[in-house]
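The values are calculated or read from the model by the stated rules, or taken from the named source; none is laboratory data. For clarity, every value in this text was computed on a predicted model and none was experimentally measured. Heads up, the Cβs are rebuilt from the backbone with ideal geometry, glycines too, and the neighbour counts pull from every protein chain shown.
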Amino acid sequence: MITTEIRPPAVAGMFYEREPVKLKKTIDEFLKNVKPPKISGEIIGLVSPHAGYFYSGKTAAYGYKLIENKNYDTVIVISPSHYEYFRGVSIYNGSAYQTPLGIVEIDHELREQLKDYNSILEISKRGHGREHALEVQLPFLQVVLNQFKLLPIVMGDQSKDFVFALAEILAEILKNKNILMVASSDLSHYYSHDVANSLDSRIEKLINNYDDDSLIDELEEEKVQACGGGPIVTVMRASKILGANKSKVLYRNDSSEASGDKHQVVGYLSAAFYKEI
């Protein structure tokens, strides 16, 4: 059921600053201090990490720096569900998401178009309540973009059938629309720096090769790990159908870069899918 409810910030003060001026200053600093590779073309999709900004804010800034001051009518953020398993994909049923930087309105029209499109989609709060992976993308988007609407999607099930179905639905509905897709994902969790680097470098290679088929297969076979692997492949595949012909990892690291602890790390990367000019 569609409601007028505004989803409040769940992890402000934990994953990022609660105070708006400090939050904007933190994001501005990250953006000022990164130099992503030049992308000559139209960016259709991004991959961005979702840990606390202390750990992954720098990596996220590599992607968001590339879209600074660009104009998108709507941003679709696709997130895994960390706290709640359900079969299918949930689009938030309220009117907006809120962060300390303000309210981001839901694209009601796009949601309405998707409402009866496929049985894997549901319009509900499922997966949205405590989910940080979607929320942490929003302050960056609020800083780098002008006005935009949001379509927040949480994947309750990241298996191949749901990933491919969602990619095809989005590619079909987004034709000729001025929209950015963001996949929220971290990589391997709690291995040593060396083991994590070995696992995560494989994902980096598959993304750089724009090989979404092999990536979803290796995720399902547990040869590689990404807690938002489903969103990554969804955005890769949908971007490709929409005309993206290049895929580039902009930066990859792990939590030891911030913490200094190489014994148990979490991996992060930022990537872009784009239509080369």
Worksheet item: Do we have His193 as in contact (Cβ under 8 Å) with a residue 40 or more places away in the chain and touching a helix residue (DSSP H, G or I) at 6+ places or on another chain (Cβ under 8 Å) here?
Response: yes
Discussion item. Being touching a Leu at 6+ places or on another chain (Cβ under 7 Å) and at pLDDT 95 or above is the requirement here; does Ile103 meet it?
Written reply: no
Discussion item. Just to be sure I understand, how many residues within the stretch 53-65 are surrounded by fewer than 21 Cβ atoms within 10 Å (Cβ to Cβ) and in contact with a Lys or Arg (Cβ under 9 Å, 6 or more places away or on another chain)?
Written reply: 1
Discussion item. As an exercise: evaluate Gly230 against (1) buried (at least 21 other Cβ atoms within 10 Å of the Cβ); (2) within 27 Å of Leu31 (Cβ to Cβ) and give the number of the one condition it does not meet.
Written reply: (2)
Practice prompt. Tell me which residues, restricted to the stretch 108-135, are in contact with a helix residue (DSSP H, G or I) (Cβ under 7 Å, 6 or more places away or on another chain), more than 19 Å from Ser159 (Cα to Cα) and modelled with pLDDT under 95.
Written response: Gln113, Leu114, Tyr117
Discussion item. Given the criterion within 28 Å of Thr26 (Cα to Cα) and part of a loop (DSSP other than H, G, I, E, B), identify the matching residue among Asn146, Asn93.
Written reply: Asn146
Practice prompt. Please verify whether the stretch 191-214 includes one or more residues that are of a type outside the set (Val, Ile, Thr), in contact with a Phe, Trp or Tyr (Cβ under 6 Å, 6 or more places away or on another chain) and modelled with pLDDT of 95 or more.
Written response: no
Fill in: In the stretch 180-225, the residues that are out of contact with any strand residue (DSSP E or B) (no Cβ under 8 Å at 6 or more places or on another chain) and among the aliphatic types (A, V, I, L, M)
Val195, Leu206, Leu215, Ile216, Leu219, Val224
Worksheet item: Restricted to the stretch 188-217, and to residues that are of a type in the set (Gly, Ala, Ser) and over 17 Å from the mean Cα position of the chain (by Cα), which residue is surrounded by the most Cβ atoms within 10 Å (Cβ to Cβ)?
Response: Ala196
Worksheet item: Restricting attention to the stretch 78-102, which residues are within 21 Å of Gly13 (Cβ to Cβ) and either surrounded by 15 or more Cβ atoms within 10 Å (Cβ to Cβ) or in contact with an Asp or Glu (Cβ under 7 Å, 6 or more places away or on another chain) (or both)?
Response: Ser79, His82, Tyr83, Ala96, Tyr97, Gln98, Thr99, Pro100, Leu101
Worksheet, complete the sentence: Listed by first then second residue, the pairs whose first member lies in the stretch 173-187 and is surrounded by fewer than 24 Cβ atoms within 10 Å (Cβ to Cβ), whose partner is at pLDDT 95 or above and among the charged types (D, E, K, R), with beta carbons under 7 Å and at least 6 positions apart or on separate chains, are Lys177/Asp73; Asn178/Asp73; Ile179/Asp73
Fill in: Pairs where the first residue, in the stretch 106-126, is among the acidic types (Asp, Glu) and the second is surrounded by 18 or more Cβ atoms within 10 Å (Cβ to Cβ), C-beta under 7 Å, 6+ apart
Asp107/Thr74; Asp107/Lys149; Asp107/Leu150; Asp107/Leu151; Glu122/Gly88; Glu122/Ser90
Item to complete: Answer with yes or no whether Ile44 is in contact (Cβ under 8 Å) with a residue 40 or more places away in the chain, under 21 Å from Ile241 (Cβ atoms), among the aliphatic types (A, V, I, L, M) and part of a strand (DSSP E or B).
Response: yes
Item to complete: Select from the stretch 183-198 the residues that are aliphatic (A, V, I, L, M) and in contact with a Gly (Cβ under 7 Å, 6 or more places away or on another chain) and write down the one among them that is nearest to Val47 (Cα to Cα).
Response: Ala183
